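**Student:** The structure follows.
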Amino acid sequence: MSLDVSPALLEQAERGEVDEAEFVDCVRTSLPYAWEMISSLVAQLKVDGGQFADNQTPPPDERARGQLLRALASDAIRGALQRHFGVRLAFQNCHRVAVFPLEASVDETLARFTSVRSQVLNQSPEFRDC
């Protein structure tokens, strides 16, 4: 299971809609490495400005890598994180996460970052099985 869902949150889901703030808190506590990575990138973007902030350091272990993959591969988790932090998330390889502001002025940069060309250029043998 990718998230440590409390009985109360599960009960909410069984009754109908889930409170997104409670879901985000579940993500925060269940995937602390991914949460910290994204939080720190959001803070970096706010402090440094620019068109995006990204991480290029591989996760310290497979558990951390798994958290990052689960957070960004799930449409529900990724969408909730984007709404919570007010950013757009992009992902390459097994660890390169980037946060982009919501402004339309960075749309071209985001399109380049998520392009097929960029994906191909960001491959390397050491990331083959990550």
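The values are calculated or read from the model by the stated rules, or taken from the named source; none is laboratory data. Treat the numbers as computed from the prediction; the structure is a model and nothing was measured. Don't worry about glycine lacking a Cβ; one is built from the backbone with ideal geometry, like all the others, and counts go over all protein chains shown. Only protein heavy atoms, including side chains, enter the accessible area calculation; ligands, DNA and RNA are left aside. Shrake-Rupley method; radii C 1.70, N 1.55, O 1.52, S 1.80 Å.
**Student:** Identify the single condition in (1) of a type outside the set (A, V, I, L, M); (2) buried (at least 18 other Cβ atoms within 10 Å of the Cβ); (3) over 26 Å from Asn93 (Cβ atoms) that Pro7 does not satisfy, given that it satisfies every other one.
**Tutor:** It fails just one condition, (2).
**Student:** Of everything in the stretch 88-106, what is closer than 15 Å to Ala43 by Cα and open to solvent by 50 Å² or more (accessible area, probe 1.4 Å)? Give them in sequence order.
**Tutor:** Arg88, Leu102
**Student:** Next question, about the same structure. Could you tell me whether any residue of the stretch 25-34 is open to solvent by less than 60 Å² (accessible area, probe 1.4 Å) and touching a residue at least 40 places away in the same chain (Cβ under 8 Å)?
**Tutor:** Yes, the conditions are met somewhere in the stretch 25-34.
**Student:** Against the conditions (1) more than 13 Å from the chain's Cα centre (by Cα); (2) at pLDDT 95 or above; (3) open to solvent by less than 30 Å² (accessible area, probe 1.4 Å), where does Ala53 fall short? Just the number, please.
**Tutor:** In the conditions (1) more than 13 Å from the chain's Cα centre (by Cα); (2) at pLDDT 95 or above; (3) open to solvent by less than 30 Å² (accessible area, probe 1.4 Å), Ala53 misses (1) alone.
**Student:** Listed residues Leu81, Leu68, Leu72; which is more than 26 Å from Ser105 (Cα to Cα) and in contact with a strand residue (DSSP E or B) (Cβ under 8 Å, 6 or more places away or on another chain)?
**Tutor:** Result: Leu68 is the single residue among Leu81, Leu68, Leu72 that is more than 26 Å from Ser105 (Cα to Cα) and in contact with a strand residue (DSSP E or B) (Cβ under 8 Å, 6 or more places away or on another chain).
**Student:** Looking at (1) buried (at least 16 other Cβ atoms within 10 Å of the Cβ); (2) more than 14 Å from Leu102 (Cβ to Cβ); (3) at pLDDT 95 or above, which one does Leu45 not meet, given that it meets all the others?
**Tutor:** Unmet condition: (2).
**Student:** Which pairs turn up if I take residues in the stretch 101-130 that are closer than 16 Å to Val87 by Cβ and modelled with pLDDT of 80 or more and look for partners that are aromatic (Phe, Trp, Tyr) and open to solvent by 50 Å² or more (accessible area, probe 1.4 Å) with beta carbon separation below 7 Å, at least 6 apart in sequence or on another chain?
**Tutor:** Val106/Phe52; Thr109/Phe52
**Student:** Please indicate, with yes or no, whether at least one residue in the stretch 74-87 is open to solvent by 10 Å² or more (accessible area, probe 1.4 Å), part of a helix (DSSP H, G or I) and farther than 22 Å from Leu3 by Cα.
**Tutor:** no
**Student:** If Val18 passes every condition in (1) assigned to a loop (DSSP other than H, G, I, E, B); (2) surrounded by 15 or more Cβ atoms within 10 Å (Cβ to Cβ); (3) touching a residue at least 24 places away in the same chain (Cβ under 8 Å) but one, which one does it miss?
**Tutor:** (3)
**Student:** Can I ask one more? With respect to Ser2, is the statement that it is polar (S, T, N, Q) and in a helix (DSSP H, G or I) true?
**Tutor:** no
**Student:** Moving on. Take the residues of the stretch 67-98 that are of a type in the set (Val, Ile, Thr) and under 17 Å from Pro32 (Cα atoms): which is modelled with the highest pLDDT?
**Tutor:** Ile77
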